[in-house]
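Here is the structure we will look at.
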Amino acid sequence: MVATKAVTSEPVHRGAGLDQETRSLVLESLREFGRRELPDELLLELDAEERFPEALVRQLFGPEIGLHLLFLPEEVGGMDAGAIDICTVSEALAALDLGVATSVLATALGTDPILVGATPEQKERWLTRIADEGLLVAYGVTEPGAGSNVAALRSKAEPVTVDGRPCYRLSGRKCFITNGSVADLYTVLARAPGGPSFFVVEKGTPGFNPGRKEEKHGIRASNTAELELEDVLVPADHLVGGVEGQGLAQAAMVFGYTRLMVAAFGLGAGVDAQRRAVAYARERVQFDTTLLQKQGLTHKLLLPHIARLQAARAYVQEVARRIDAGEEELQVEGSIAKLFATEAGCQAADAAVQVHGGYGYIREYMVEKIRRDVRITTIYEGTSEINQEVAGRGRWRQLLIGKGKLYEELAAQMRALGERCPSVGAARLEASALAMVALVQRARKARLGRQQHVIFELARAISALEAAVALTRKAAAWAAHSDHLPDTAPEGWPADIAALARLQAAEAGSTVASVVFGVLAGTHTLSPEEVIGLDGRLHPGRLLASTHGSFLDMDQLAGRLATEDLLADPLLPVG
Ligand SMILES: Cc1cc2nc3c(=O)[nH]c(=O)nc-3n(C[C@H](O)[C@H](O)[C@H](O)COP(=O)(O)OP(=O)(O)OC[C@H]3O[C@@H](n4cnc5c(N)ncnc54)[C@H](O)[C@@H]3O)c2cc1C
């Protein structure tokens, strides 16, 4: 029988990465596919009929595009893409359709336990098949009683011998499984004697039946179904990694990375919705002027969302590059990215509905569907609350163990950047980072770390701060090229992204201020008088000063919306 001693599989490290030309080719062929095969009319039809476009998704995995090869290593015929490639493609895919994107995500997700935990023989066998045949894969983890708490799973894997051959008998039920009734291959988590373990199960294995297909609020072009496992016999060599009890570690390794993909999904859908809203506002006339000429509308429903989405993109790209540079243990960053980008995507899509007025509420208008679709990104792959827990508690520990070093260094970086490049909002972020250090120290003294709501609030401030820092860094990099702009950059881009970075730094400052005073006053740690008397790093004026001039920045940007795409992501020249 199979050994049960504990073994850790090698850390997740994505592929070597694509060169710029190949990445642009993949993106262009994907967009061309979208224009040709997924026009809005068809997407609305698929949504109305809740129909999964299986042939089109298999075409995406076919010889023309081979999108699935991005997720696979070269030795099995894959493209060995890096995290930055996959995040860029995920954003583009989500902007095409989140239902189709979710089906592609599920294939990557279902493949991941094999990628991170299988034996070399298993990798050779299964990954080659996935690559060569363009298989649809499903990731079977969630159960009716085990959602956020994966470890509560009840599906069982009993070792048995059949005709002298070692096997496992799987039994149980899975729910909400993407590609559940259309996949060719499944990775299923079940509790073996040695603990939760992944098993590869092929479509059509006796006793393995896709169950009820879910009727959903959004991503209705994706297939989601239950899985029934009734004494499903699989050979012992279908145990991923060959050792029982590795399943949760393999799932955790996958999370740090797939949460970044879902962050890119929230971003892609939010960007698509806002682009449609800007296009609508350029045309729609009320009270003799276009919606774009109404300051209240642009400053409420467009610009804050555009700045937030640009910050989400900058943060996702930063974390992806750190993964590609070989950095490990980025679970907290993965959670921050998912939390910030998916919440930003939902708010951006909701604002896009509002820009359309009554039309935004009508199924004929894509923003209505996008608003429903993007809602899933704050739920699957770890809900926003789970990511607030991971991000808030993770940074809380780091800031306490490191005596605030992480954000002290961040503040010093922002101070230096602000001196070098005063136009990108860095000085504002220095104040926010220092305030967070002071807040955590005060909160620790008052033993507030036990309160989950405090941790959740910290996560809200942390994600706003770190996303704004990423955008400020990106804007500073563009400022360095303002004299010799590459052809890929629209005229005036350095000034536009600098104004967006200032706007986001202002929002981060307000968010940090509301969390600092909310936590300290809300928990009675400080009396109202003491809050008013706060000084030094927690001085209210210091934080709110970060909003200085934000209305003017929005006025400047509103003038650009008529002609420019402020959601663009032109390629930064290297060096
Ligand atoms: C369309 C769709 C596709 C999916 N695809 C897949 C798939 O392919 N494979 C797969 O395995 N799963 C899949 N899922 C399942 C998804 O990952 C789970 O729904 C998700 O993890 C949440 O679990 P749950 O639904 O059981 O909610 P619960 O875990 O029951 O959560 C309910 C609420 O409680 C909150 N909560 C939970 N724990 C805590 C806590 N400790 N502190 C504070 N708040 C908490 C949650 O944030 C949420 O707000 C899919 C789900 C959907 C809807």
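In a residue-by-residue description of segment 524-537, the property of being in contact with a helix residue (DSSP H, G or I) (Cβ under 9 Å, 6 or more places away or on another chain), closer than 23 Å to Ala314 by Cα and of a type in the set (Gly, Ala, Ser) applies to no position. Tell me yes or no: at least one residue of segment 99-108 is crowded, with 23+ Cβ neighbours inside 10 Å, assigned to a loop (DSSP other than H, G, I, E, B) and touching a residue at least 40 places away in the same chain (Cβ under 8 Å). No: zero hits.
If you take the residues of segment 220-243 that are within 12 Å of the ligand (Cβ to nearest atom) and out of contact with any strand residue (DSSP E or B) (no Cβ under 9 Å at 6 or more places or on another chain), which of them is most open to solvent (accessible area, probe 1.4 Å)? Outline the logic, then answer.
The first filter runs over segment 220-243 and keeps only residues within 12 Å of the ligand (Cβ to nearest atom), leaving 220-227.
Next cut, out of contact with any strand residue (DSSP E or B) (no Cβ under 9 Å at 6 or more places or on another chain) only: 220-221.
Values: Arg220: 40, Ala221: 7 Å².
It comes out as Arg220.
A count restricted to segment 530-575 and to residues that are part of a helix (DSSP H, G or I), of a type in the set (Asp, Glu) and within 30 Å of Glu283 (Cα to Cα) stands at 2. Among residues of segment 11-25 that are under 16 Å from Pro73 (Cα atoms), those with a Cβ under 6 angstrom from a residue that is at pLDDT 80 or above and outside any helix (DSSP H, G or I), sequence gap 6+ or separate chain, pair up as Pro11/Glu328; Arg14/Gly82; Gly15/Asp80; Gly15/Ala81; Gly15/Gly82; Ala16/Asp80; Gly17/Gly82; Leu18/Ala81. Scanning segment 546-559 for residues that are closer than 22 Å to Ala468 by Cβ and either open to solvent by less than 60 Å² (accessible area, probe 1.4 Å) or in contact with a strand residue (DSSP E or B) (Cβ under 7 Å, 6 or more places away or on another chain) (or both) yields Ser546, Thr547, Gly549, Ser550, Asp553, Met554, Leu557, Ala558.
Could you list, in sequence order, all residues of segment 118-148 that are in a helix (DSSP H, G or I) and surrounded by 14 or more Cβ atoms within 10 Å (Cβ to Cβ)?
Of segment 118-148, the ones in a helix (DSSP H, G or I) are 120-133.
Across segment 118-148, the qualifying residues are Gln122, Lys123, Arg125, Trp126, Leu127, Thr128, Arg129, Ile130, Ala131.
Considering (1) open to solvent by less than 50 Å² (accessible area, probe 1.4 Å); (2) part of a helix (DSSP H, G or I); (3) more than 19 Å from Glu364 (Cα to Cα), say which one Gly78 fails and leave the rest. Only one criterion is unmet by Gly78, namely (2). Of the helices (runs of 4 or more DSSP H) contained entirely in segment 337-439, those carrying at least 2 residues that are open to solvent by 20 Å² or more (accessible area, probe 1.4 Å) and within 15 Å of the ligand (Cβ to nearest atom) fall at 384-401. Is it true that Arg191 is in a loop (DSSP other than H, G, I, E, B), open to solvent by 60 Å² or more (accessible area, probe 1.4 Å) and either more than 12 Å from the ligand (Cβ to nearest atom) or closer than 25 Å to Ala252 by Cβ (or both)? In short, no. When Lys216 is tested against (1) modelled with pLDDT of 95 or more; (2) under 20 Å from Ala81 (Cα atoms); (3) within 15 Å of the ligand (Cβ to nearest atom), just one condition goes unmet, and that condition is (2).
The set of residues in segment 485-497 being of a type in the set (A, V, I, L, M, F, W, C), surrounded by fewer than 24 Cβ atoms within 10 Å (Cβ to Cβ) and part of a helix (DSSP H, G or I) consists of Trp493, Ala495. When Ala94, Ala81 are checked against the criterion of being touching a helix residue (DSSP H, G or I) at 6+ places or on another chain (Cβ under 7 Å) and over 22 Å from Ile219 (Cα atoms), Ala81 stands alone in meeting it. Leu471 meets the stated requirement of being in contact with a helix residue (DSSP H, G or I) (Cβ under 6 Å, 6 or more places away or on another chain) and modelled with pLDDT of 95 or more.
Residues checked against (1) under 23 Å from the mean Cα position of the chain (by Cα); (2) not in a helix (DSSP H, G or I):
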site: Gln441; (1), (2): no, no
site: Leu465; (1), (2): yes, no
site: Asp483; (1), (2): no, yes
site: Ala505; (1), (2): yes, no
site: Val515; (1), (2): no, no
site: His524; (1), (2): no, yes
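Lys174 meets each of the listed conditions (1) more than 9 Å from the ligand (Cβ to nearest atom); (2) assigned to a strand (DSSP E or B) apart from (1). If you scan segment 239-291, which residues turn out to be closer than 29 Å to Glu91 by Cβ and among the β-branched types (Val, Ile, Thr)? Listed by number, the residues that qualify are Val254, Thr258, Val262, Val271, Val278, Thr290.
Which one is nearest to the chain's Cα centre (by Cα) among residues in segment 30-48 that are exposed (fewer than 15 other Cβ atoms within 10 Å of the Cβ) and part of a helix (DSSP H, G or I)? Steps first, please.
Residues of segment 30-48 exposed (fewer than 15 other Cβ atoms within 10 Å of the Cβ): 31-32, 35-36, 39-41, 45, 48.
Next, only the ones that are part of a helix (DSSP H, G or I) stay: 31-32, 35-36, 40-41, 45, 48.
Details: Arg31: 20, Glu32: 24, Arg35: 24, Arg36: 27, Asp40: 24, Glu41: 27, Glu45: 27, Ala48: 26 Å.
Step by step, filter segment 30-48, then rank; the result is Arg31.
Of all strands (runs of 3 or more DSSP E) completely enclosed by segment 195-278, which ones contain at least 3 residues that are out of contact with any Leu (no Cβ under 9 Å at 6 or more places or on another chain)?
On the way: elements: 195-202, 208-213, 224-235.
The strands (runs of 3 or more DSSP E) meeting that bar are 224-235.
Anything in segment 149-170 that is away from the ligand (no atom under 16 Å from the Cβ), open to solvent by 40 Å² or more (accessible area, probe 1.4 Å) and not β-branched (Val, Ile, Thr)? List them, or say none. Passing the criteria: Lys156, Glu158, Pro159, Asp163, Gly164, Arg165, Pro166, Arg169. For Val201, the test of being away from the ligand (no atom under 15 Å from the Cβ), open to solvent by less than 70 Å² (accessible area, probe 1.4 Å) and either of a type outside the set (Lys, Arg) or touching a residue at least 24 places away in the same chain (Cβ under 8 Å) (or both) is failed.
The values are calculated or read from the model by the stated rules, or taken from the named source; none is laboratory data. For clarity, every value in this text was computed on a predicted model and none was experimentally measured. Please note: Cβ atoms are built from the backbone with ideal geometry, for glycine as well, and neighbour counts cover all protein chains shown. Accessible surface is based on the protein model in full, side chains and every heavy atom, while ligands, DNA and RNA are left aside. Shrake-Rupley method; radii C 1.70, N 1.55, O 1.52, S 1.80 Å.
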